[in-house]
DNA sequence: CGTGTACTTGAATTACATCAAATGATGTGG
DNA sequence: CCACATCATTTGATGTAATTCAAGTACACG
């Protein structure tokens, strides 16, 4: 069982104009003049691995642009079980539903050390009133989230445990000289795939024995893409 | 195996101003003057049960507002298996991704006799340029779809077969004097829940024996809400 | 270096899938 | 309107995959 940490740092107010990853975030299309309409502070937030960004059902007042790291969106069932419904990375936005004045639909937790910009909803609304340039990036985030949600269901929640695990690795692949993948806890793998922790562990162990995966160091794997693709068809 | 029918009728051009369900559809907020900007025909379409509305990967040129009936959105895996990722009903919009110039992400099929309005993307784009009043309904459709997608995963794709089937019935409940539910084929139930046709059939049969369900006539059930809620917690 | 947490592995059990056959519903043409 | 063809559903028997419960081991952290 994970314990939830509460390590949140507030690194100060952002300067969005000079943002190093602006081409990836919501404000990509804004012009110099548009920034004048931001009258509430946008904060850079730092979350330690395992810490809570916001809780499901929690009162919402802001959206969070992910600057680095990985965030899991968790949803709880009445019986206490839970599923991870999405992973968010650089350029994704967490808590979009806040813009509709709704409570957060998921619990958002940092899977690694995570940097975000906390953007008050009021800022988004105001910008939307003053300029049309925020709209496309915003719609694009909705589209992307929905696409991922459907993909998540069909690829990670369908078929045998072996196939699902293989698809998860393919999903997480970092391309490079050798395709690698850094994984998280077996419990989280289970919550992503709808399997138990033990089954996740067993299947991953089996893939290691079959050389489809090689564990370089703890939770860092070299992946044999072709073998994984075969297995993903089961 | 289902065969796909091709019964599509075209009932003529819509008069959106006089639409009987306008409070439910995309054009809810439009004013008289806005309709002048519609320079392409919006057609009323009629699809027989089982017929194809659009295919996954198909070239997209329009979105479809559902006026009545139920539509399933199906996604296929490389290995030939498939899952139903969403059901759409009155007021929902199918094929929103078309607005981004993308191929359709799902295959949309009528589960019952279905009426839609086929709205060319160009009409939506033009209206969006001319008036801000289409935007909220549009965003609301994105939000709703995403909400449903997440709900689908956590409630219909998690836990035992019994619990999933129970949750599906709760999901489909028509409130009324007695809560009833009209179901579709066991094959579709399987594709929604990630189970085989046989397992779906067996579980439904078991719920009937346990009096949680009573089959009034073929595929029309009276539901014991409380029993189903208990079972849904498994 | 010890302690707690996560991961692995084993054995028993259960739930679901698979294959096969029988029954039931629906529609068609004679 | 009946007989037959077709397709969906139910049910059974059997196999397999995944869960459960229970140790044991590795690993990270203070």
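Would you tally the residues in region B:144-165 being assigned to a helix (DSSP H, G or I), within 12 Å of chain A (Cβ to nearest Cβ) and either buried (at least 20 other Cβ atoms within 10 Å of the Cβ) or touching a helix residue (DSSP H, G or I) at 6+ places or on another chain (Cβ under 6 Å) (or both)?
Filtering region B:144-165 down to residues assigned to a helix (DSSP H, G or I) leaves B:144-156, B:161-165.
Retained after the next criterion (residues that are within 12 Å of chain A (Cβ to nearest Cβ)): B:144-156, B:163-164.
Next, from what is left, pick out any that are either buried (at least 20 other Cβ atoms within 10 Å of the Cβ) or touching a helix residue (DSSP H, G or I) at 6+ places or on another chain (Cβ under 6 Å) (or both): B:145-146, B:149-150, B:152-156, B:163-164.
Total satisfying the criteria: 11.
Scanning region A:81-122 for residues that are more than 20 Å from residue A:8 (Cβ to Cβ) and within 9 Å of chain B (Cβ to nearest Cβ) returns A:81, A:82, A:83, A:85, A:86, A:96, A:97, A:99, A:100, A:102, A:105.
Which residue is farthest from the other protein chains (Cβ to nearest Cβ), if the candidates are limited to region A:43-80 and must be surrounded by fewer than 19 Cβ atoms within 10 Å (Cβ to Cβ) and within 22 Å of residue A:135 (Cα to Cα)? Here the answer is A:43.
Checked against the criterion of being outside the structural domain of residue B:77 (by TED's automatic domain parsing), touching a helix residue (DSSP H, G or I) at 6+ places or on another chain (Cβ under 8 Å) and within 18 Å of residue B:92 (Cβ to Cβ), region B:210-228 contains not a single residue that satisfies it. Quick check on my filter: what residues within region A:182-234 are more than 13 Å from DNA strand D (Cβ to nearest atom), assigned to a helix (DSSP H, G or I) and within 21 Å of residue A:158 (Cα to Cα)? Across region A:182-234, the qualifying residues are A:188, A:225, A:226, A:227, A:228, A:229, A:230. Taken together, the residues in region A:97-108 that are closer than 21 Å to residue A:83 by Cα and surrounded by fewer than 24 Cβ atoms within 10 Å (Cβ to Cβ) amount to 6.
Which one is nearest to the other protein chains (Cβ to nearest Cβ), of the residues in region A:171-181 that are touching a helix residue (DSSP H, G or I) at 6+ places or on another chain (Cβ under 9 Å) and farther than 14 Å from residue A:192 by Cα?
Kept after step one, since they are touching a helix residue (DSSP H, G or I) at 6+ places or on another chain (Cβ under 9 Å), are these residues of region A:171-181: A:171, A:173, A:179, A:181.
Subsequent filtering for residues that are farther than 14 Å from residue A:192 by Cα retains A:173, A:179, A:181.
Details: A:173: 16, A:179: 19, A:181: 20 Å.
Only one residue fits best here, namely A:173.
Looking only at residues in region B:206-234 that are more than 12 Å from DNA strand C (Cβ to nearest atom) and closer than 27 Å to residue A:161 by Cα, the one that is farthest from the other protein chains (Cβ to nearest Cβ) is B:232. Of the residues contained in region A:166-179, none is found to be within 16 Å of DNA strand C (Cβ to nearest atom) and assigned to a loop (DSSP other than H, G, I, E, B). Taking (1) more than 13 Å from DNA strand C (Cβ to nearest atom); (2) crowded, with 20+ Cβ neighbours inside 10 Å in turn, residue A:192 satisfies each apart from (1). Is it the case that region B:143-152 has a residue that's in contact with a strand residue (DSSP E or B) (Cβ under 9 Å, 6 or more places away or on another chain), assigned by TED's automatic domain parsing to the domain that holds residue B:76, within 15 Å of residue B:27 (Cβ to Cβ) and away from DNA strand C (no atom under 16 Å from the Cβ)? For region B:143-152, residues in contact with a strand residue (DSSP E or B) (Cβ under 9 Å, 6 or more places away or on another chain), assigned by TED's automatic domain parsing to the domain that holds residue B:76, within 15 Å of residue B:27 (Cβ to Cβ) and away from DNA strand C (no atom under 16 Å from the Cβ): absent. Scanning region B:1-37 for residues that are closer than 18 Å to residue B:121 by Cα and modelled with pLDDT under 85, we see that the one that is surrounded by the fewest Cβ atoms within 10 Å (Cβ to Cβ) is B:13.
Can you confirm whether residue A:129 is within 24 Å of residue B:159 (Cβ to Cβ), within 14 Å of chain B (Cβ to nearest Cβ) and over 13 Å from the mean Cα position of the chain (by Cα)? The answer is no for residue A:129.
The values are calculated or read from the model by the stated rules, or taken from the named source; none is laboratory data. Please read these numbers as outputs of a predicted model, since none were measured by experiment. Here the Cβ is made from the backbone with ideal geometry for all residues, glycine too, and neighbour counts use every protein chain on show.
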